[in-house]
1. Examine segment 67-84 for a residue that is touching a Ser or Thr at 6+ places or on another chain (Cβ under 9 Å) and of a type in the set (S, T, N, Q), and state whether such a residue exists.
2. Touching a residue at least 40 places away in the same chain (Cβ under 8 Å), in a helix (DSSP H, G or I) and surrounded by fewer than 23 Cβ atoms within 10 Å (Cβ to Cβ): does that describe Arg215?
3. Against the definition (in contact (Cβ under 8 Å) with a residue 24 or more places away in the chain and either aromatic (Phe, Trp, Tyr) or within 26 Å of Arg135 (Cβ to Cβ) (or both)), how does Pro274 come out, yes or no?
4. What are the residues in segment 234-289 that are farther than 22 Å from Thr36 by Cβ and in a loop (DSSP other than H, G, I, E, B), if any?
5. Given the options Arg215, Arg130, Arg135, name the one that is of a type outside the set (Val, Ile, Thr), farther than 30 Å from Leu318 by Cβ and over 23 Å from the mean Cα position of the chain (by Cα).
6. Check every one of the helices (runs of 4 or more DSSP H) wholly within segment 314-413 and list those with 2 or more residues that are at pLDDT below 90 and more than 21 Å from the chain's Cα centre (by Cα).
7. Does Leu70 satisfy the condition of being in contact (Cβ under 8 Å) with a residue 40 or more places away in the chain and either surrounded by fewer than 18 Cβ atoms within 10 Å (Cβ to Cβ) or within 16 Å of the chain's Cα centre (by Cα) (or both)?
8. Identify, please: which residue in segment 361-384 is among the hydroxyl-bearing types (Ser, Thr, Tyr) and over 27 Å from Asp235 (Cα atoms) and is, among those, surrounded by the most Cβ atoms within 10 Å (Cβ to Cβ)?
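The values are calculated or read from the model by the stated rules, or taken from the named source; none is laboratory data. None of the values given here were measured: they were computed from a predicted structure. Quick reminder, even Gly has a Cβ in these numbers, built from the backbone with ideal geometry, and neighbours come from all protein chains shown.
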Amino acid sequence: MSPLYRKIVGRLVPFLMLLYMVAFLDRVNISFAALTMNRDLGISESLYGFAAGVFFLGYCLFEVPANMMLARVGARRWIALLLVVWGAISLSTAFVPNRAVYVAARFLLGVAEAGFYPGVLFYLTLWLPRSVRARVMALFMLAIPVSSCIGSPISSHILLMDQVAGLKGWQWLFLLEGSPAVLLGIATWFVLADGPESAHWLSRTEKDELANELRSGAQAADNAGGAVWLAIVRDSVAYFLFSTALYGLTFWLPKILSAAGVSRSATGWWAAAPYAAAAVAMFLAGRARGRGWLRVMYLVGAAGYAGVALLPARAEALASFSVAAAGVFAVMPLFWSAATSRMSSRMAGPAIAIINSVGAVGAFAGPFAMGWLHDATRSYSTGLWAIAACLVLGALVASDTSTAPEPVRARAE
């Protein structure tokens, strides 16, 4: 990586990772809140799965409009606004009086977060050519397992604050974990630039060099023609299947561990182990080269889910969840590397939003199906087998990095 790209990455990526860690924590912290909140509000497993998934219905419906607003308003203003709004919604979830308001709060949180993840992916296309972007996206996506690895034990211990100042433990969870989004939203206004041209920390020479690199990469992607849109359809299906597995893991891992006999305070530490394995796997996947790794990771994830269904005891389930998390999270950098390598900067915004919107439907289906199947069978095994089957199908559908057009290499790389 050239000194210019190292400068850009060092300036932008750590802060974007911090934002994504907060976003993902606010998205999935109900998995720990549910350990006590479900009892207090009378929430069944099916309703919990629906509430976990309804986030993604709001996310899906507003993702494309949100990405259009990003281009119109500018990244700095739009991302800052999203952080403040979703932080406020997360804070307000601490005071939901009943199940209906809780579901509504989850839907609104999805609406507020809809523009963030695809917006950041689009934002990176404004700064980095494809030859650099894949590695940087893998680094950015490390925020997900790192967030859960750190957030899981913190969340489980916040639940122990039950009745402090007259509030339930799960109320403190939303209050303490929703506040950082509001504060970081204010900081975003001062930290991010709307694009390279408005970045005061880049010289005129650096801006011209970057513009030339991005222009040559866009021309190469435009030459792919209509085949790109066929690939987007295929990528959307593969991402739908992937998302059922990712959120089947994140929303149900604490509850499955609790059902296996892990204490409430220890659940966070047990849940951190699969995410630690996921972080290592994602880091290595970002540097993977060669044919077939994307499909292999789909199958590794499937094997892990099948292992949990077959071996539900605590230690065996934890080991199997670690395998599942490693496979599923490793899919992310490999998948987006393949998908974005077929896109020009001009089409990246809408294409990413389309794929991510279809994935959001899968993110709704996975948690909801897990809850519905549990209430129907009184066991988590059926849902785990269903997710494993989705990953096997995803391995058949996924279009690997090796099938993408050869990227234009940066001159100074």
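1. Within segment 67-84 (the criterion being touching a Ser or Thr at 6+ places or on another chain (Cβ under 9 Å) and of a type in the set (S, T, N, Q)), the answer is no, since none of the residues qualifies.
2. On the way: touching a residue at least 40 places away in the same chain (Cβ under 8 Å): no; in a helix (DSSP H, G or I): yes; surrounded by fewer than 23 Cβ atoms within 10 Å (Cβ to Cβ): yes.
Criteria not met by Arg215.
3. yes
4. Those that are farther than 22 Å from Thr36 by Cβ and in a loop (DSSP other than H, G, I, E, B): Gly286, Arg287, Ala288, Arg289.
5. Answer to the check: Arg215.
6. Numbers: elements: 314-340, 345-377, 381-397.
Because the criterion is at least 2 residues that are at pLDDT below 90 and more than 21 Å from the chain's Cα centre (by Cα), the helices (runs of 4 or more DSSP H) in segment 314-413 that meet it are 314-340, 345-377.
7. Details: in contact (Cβ under 8 Å) with a residue 40 or more places away in the chain: yes; either surrounded by fewer than 18 Cβ atoms within 10 Å (Cβ to Cβ) or within 16 Å of the chain's Cα centre (by Cα) (or both): no.
No.
8. Tyr380
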